[in-house]
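Undergrad: Structure provided below as structure tokens; questions to follow.
The values are calculated or read from the model by the stated rules, or taken from the named source; none is laboratory data. Keep in mind the model is a prediction, meaning the values are calculated, not measured. Methodologically, a virtual Cβ is constructed for each residue, glycine included, from the backbone with ideal geometry; neighbour enumeration extends over all protein chains shown. Areas reflect the complete protein model, heavy atoms only, side chains present, ligands, DNA and RNA absent. Shrake-Rupley method; radii C 1.70, N 1.55, O 1.52, S 1.80 Å.
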Amino acid sequence: MEARWRSSAKPVQAPKTTKTVSFEEVSGKASSSEALPLSLHLTNAVFFSLFFSVVYFLLSRWREKIRTSTPLHLVNLSEIVAIFAFIASFVYLLGFFGIDFVQSLILRPSTDLWNSDDEEENEALLRKEDARKIPCGQALDCSVTSAPIISAQKVVDEKLVKLTTEEDEEIIKAIVAGTTPSYSLESKLGDCKRAASIRREALGRITGKSLSGLPLDGFDYESILGQCCEMPIGYVQIPVGIAWPLLLNGKEYSVPMATTEGCLVASTNRGCKAIHLSGGASSVLLKDGMTRAPVVRFGTAKRAADLKFYLEDPENFETLAVVFNRSSRFARLQGIKCVIAGKNLYLRFTCSTGDAMGMNMVSKGVQNVLDFLQTDFPDMDVIGISGNFCSDKKPAAVNWIEGRGKSVVCEAIIKGDVVRKVLKTSVESLVELNMLKNLTGSAMAGALGGFNAHASNIVSAVYIATGQNPAQNIESSHCITMMEAVNEGNDLHISVTMPSIEVGTVGGGTQLASQSACLNLLGVKGASQESPGANSRRLATIVAGAVLAGELSLMSALAAGQLVKSHMKYNRLSKDVSKTSS
């Protein structure tokens with residue numbers, strides 16, 4: 001930068017001849033041999049001589065101490081100086097000969113990162129400051145006399161390489177050649193946005209496919225490092241709509257829904273309107289406990305049964321709870337359910353997890369208990385920390401029956417006038433359709449927790465908007481929808497029972513800016529300071545309330561024969577957007 005400013009003070013003349021410029025001259029960095037006033041060969045000779053000299057001196061001194069029975073830890077000034085000289089020379093030699101560990105911790109980032117033939121070029125490539133970190137306009141001189149002459153060819157070249165710097169271009173070439181792992185860019189460069197940009201350009205060259213429709217700018221890549229997504233090349237845009245107001249437990253909520261399906265938000269919004277006009281919905285949290293179930297194996301079924309009886313003995317529970325709860329200040333063991341398959345034992349731990357969804361929390365607690373049990377059951381062989389009896393991200397009867405995460409039931413009484421005027425159907429039609437579709441039809445299909453119209457639609461949309469794990473939509477969408485005519489058949493009682501809603505308001509994707517904003521909109525952002533776990537429990541009830549609204553509206557559309565008509569109107573685009581997207 002200083003050289004650039006000095007040169008800007010002189011009149012600029014067009015060059016008459018072409019000069020070959022080395023990479024060291026372009027980067028403005030001196031080679032490693034210029035770091036000392038001595039030549040590189042002489043510097044190496046000095047450190048070699050120093051290293052072997054102090055080694056010989058120390059060995060001689062220690063041999064003399066051993067011969068005279070003098071303790072080795074008693075050292076004089078000359079020996080202290082020799083020890084420090086030994087350490088200094090040893091570190092220098094390790095660094096000079098390219099030991100990555102020493103270079104990364106003591107000297108500089110590894111010069112072998114890009115695996116180039118020119119070591120000094122790699123050093124300049126890694127150590128040069130990223131020019132894009134300079135604020136816009138800071139490096140520009142706007143005076144007339146100092147304005148640099150930029151040829152038309154240079155402008156064209158910059159457009160062709162998309163303004164990549166020379167060091168970025170070297171890194172991209174190394175990735176394309178397969179000599180540099182793409183996953184190491186963030187840790188080595190220390191700039192997540194730059195790493196994503198380089199990875200994206202390299203991927204485009206390797207595959208020959210355009211990524212022009214995938215946005216890169218406008219996202220905080222630092223926020224996902226180490227917790228959300230590895231090797232990013234951009235982000236996907238999913239529109240977020242609002243279904244509101246959802247009147248639940250006497251409070252109104254604006255429910256954010258991230259989806260690409262037409263009619264979904266509009267339909268849920270209509271359900272919210274019907275619920276609101278009827279006085280609102282109410283919900284009850286039945287259970288709150290995340291599960292993890294390891295599988296262990298013994299030599300005999302009898303030994304497996306011994307552990308089962310031990311774990312289910314109430315006298316041992318307090319001890320196990322103390323061991324389990326060490327994993328977190330929020331983790332509290334609630335129970336252990338065991339099942340045997342031959343000589344294999346499955347232990348389903350259930351615990352509260354505060355405002356976190358809690359998978360990592362319960363896993364750490366389970367590991368503590370397994371380590372503790374190993375003392376009394378040394379023949380126990382831990383096959384896996386998860387044996388699918390949990391059961392996570394899979395439809396399972398154990399979740400449907402026992403529950404996992406938050407178990408919620410939500411209900412509302414919809415007035416007959418609202419059913420006719422807003423939902424365009426009748427109470428009798430809704431009750432009959434629900435019995436034949438959601439109950440009988442699902443039973444005929446052998447459904448497992450799928451006794452509903454489209455609960456997963458709403459769960460997925462709310463999960464994506466609020467930073468939940470979308471894969472846990474599988475068990476979280478377990479739902480049975482019930483409808484019954486009440487008040488002498490004039491009004492409709494509707495309820496949804498969802499035994500395994502798995503949500504959290506801290507950790508994972510909830511910390512990202514967009515998802516955090518959606519949680520803030522619902523009033524459940526972060527951890528509850530007054531009552532740990534209150535925010536995640538409220539979020540679970542909101543999910544159930546939104547499902548109730550969605551079920552009510554879709555079933556009404558089916559009963560009134562409006563489904564196809566509404567989708568033809570709202571879910572089919574009449575204009576061609578292919579040119580816009582390209």
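Undergrad: Is it the case, given these coordinates, that Leu521 is farther than 25 Å from Glu475 by Cβ and of a type outside the set (Gly, Ala, Ser)? Quick ask: steps written out before the conclusion?
TA: Values: farther than 25 Å from Glu475 by Cβ: yes; of a type outside the set (Gly, Ala, Ser): yes.
Judged against the criteria, Leu521 is a match.
Undergrad: Which residue pairs have Cβ atoms under 9 Å apart, sit 6 or more places apart or on different chains, and have a first residue in the stretch 540-559 that is among the basic types (Lys, Arg) and a second that is surrounded by 24 or more Cβ atoms within 10 Å (Cβ to Cβ) and outside any helix (DSSP H, G or I)?
TA: That search, which allows pairs on different chains as well, returns nothing.
Undergrad: Given Gly218, Gly234, which one is out of contact with any helix residue (DSSP H, G or I) (no Cβ under 7 Å at 6 or more places or on another chain) and in a loop (DSSP other than H, G, I, E, B)?
TA: Unique residue meeting the criteria: Gly218.
Undergrad: Moving on to the next point. Under the condition of being assigned to a strand (DSSP E or B) and open to solvent by less than 70 Å² (accessible area, probe 1.4 Å), which residue from the stretch 407-460 is farthest from Leu286 (Cα to Cα)? Steps first, please.
TA: Pass one, the stretch 407-460, residues assigned to a strand (DSSP E or B): 407-414, 450-451.
So of that shortlist, the ones also open to solvent by less than 70 Å² (accessible area, probe 1.4 Å) come out as 407-410, 412, 414, 450-451.
Working: Ser407: 5, Val408: 6, Val409: 7, Cys410: 11, Ala412: 17, Ile414: 23, Gly450: 19, Phe451: 19 Å.
In this case the residue turns out to be Ile414.
Undergrad: For the stretch 264-316, how many residues are over 30 Å from Leu492 (Cβ atoms), open to solvent by 30 Å² or more (accessible area, probe 1.4 Å), in a helix (DSSP H, G or I) and not hydroxyl-bearing (Ser, Thr, Tyr)?
TA: 10
Undergrad: Does Gly533 satisfy being modelled with pLDDT of 95 or more and under 22 Å from Trp244 (Cβ atoms)?
TA: no
Undergrad: Please enumerate the residues belonging to the stretch 366-385 that are in a helix (DSSP H, G or I) and either assigned by the TED database to the domain that holds Asn473 or in contact with a strand residue (DSSP E or B) (Cβ under 6 Å, 6 or more places away or on another chain) (or both). Walk me through it before giving the result.
TA: Initial filter on the stretch 366-385 (in a helix (DSSP H, G or I)): 366-376.
Val366, Leu370 - these are the residues of the stretch 366-385 that are in a helix (DSSP H, G or I) and either assigned by the TED database to the domain that holds Asn473 or in contact with a strand residue (DSSP E or B) (Cβ under 6 Å, 6 or more places away or on another chain) (or both).
Undergrad: Could you check the stretch 481-500 and list, in sequence order, the residues that are in a strand (DSSP E or B) and without any contact (Cβ under 8 Å) to a residue 12 or more places away in the chain?
TA: The first filter runs over the stretch 481-500 and keeps only residues in a strand (DSSP E or B), leaving 481-486, 491-500.
None; the set is empty.
Undergrad: Something else now. Out of (1) open to solvent by less than 70 Å² (accessible area, probe 1.4 Å); (2) polar (S, T, N, Q); (3) not in a strand (DSSP E or B), what's the single condition that is false for Asn388?
TA: (1)
Undergrad: Something else about it: For the stretch 245-263, check the following and say yes or no: at least one residue is crowded, with 16+ Cβ neighbours inside 10 Å, at pLDDT 95 or above and of a type in the set (S, T, N, Q).
TA: For the stretch 245-263, residues crowded, with 16+ Cβ neighbours inside 10 Å, at pLDDT 95 or above and of a type in the set (S, T, N, Q): present.
Undergrad: Another question about this same structure. For the stretch 196-228, how many residues are closer than 13 Å to Gln511 by Cα and exposed (fewer than 11 other Cβ atoms within 10 Å of the Cβ)?
TA: Residues meeting the conditions: 1.
Undergrad: Restricting the search to the stretch 277-321, which residues are over 30 Å from Thr541 (Cβ atoms) and among the hydroxyl-bearing types (Ser, Thr, Tyr)?
TA: The answer is Thr300, Tyr310, Thr319.
Undergrad: For the stretch 318-342, which residues satisfy the criterion of being over 23 Å from Gly533 (Cα atoms) and either within 37 Å of the chain's Cα centre (by Cα) or open to solvent by less than 20 Å² (accessible area, probe 1.4 Å) (or both)?
TA: Answer for the stretch 318-342, where residues must be over 23 Å from Gly533 (Cα atoms) and either within 37 Å of the chain's Cα centre (by Cα) or open to solvent by less than 20 Å² (accessible area, probe 1.4 Å) (or both): Thr319, Lys337, Cys338, Val339, Ile340, Ala341.
Undergrad: Something else: When the residues of the stretch 343-361 are filtered to those that are open to solvent by less than 50 Å² (accessible area, probe 1.4 Å) and charged (D, E, K, R), which remaining residue is farthest from Ile383 (Cα to Cα)?
TA: Ranking the qualifying residues of the stretch 343-361, first place goes to Asp355.
Undergrad: Right, here's the next one. Would a scan of the stretch 468-475 turn up a residue that is crowded, with 24+ Cβ neighbours inside 10 Å, in a loop (DSSP other than H, G, I, E, B) and in contact with a Pro (Cβ under 7 Å, 6 or more places away or on another chain)?
TA: The answer is no; no qualifying residue exists.
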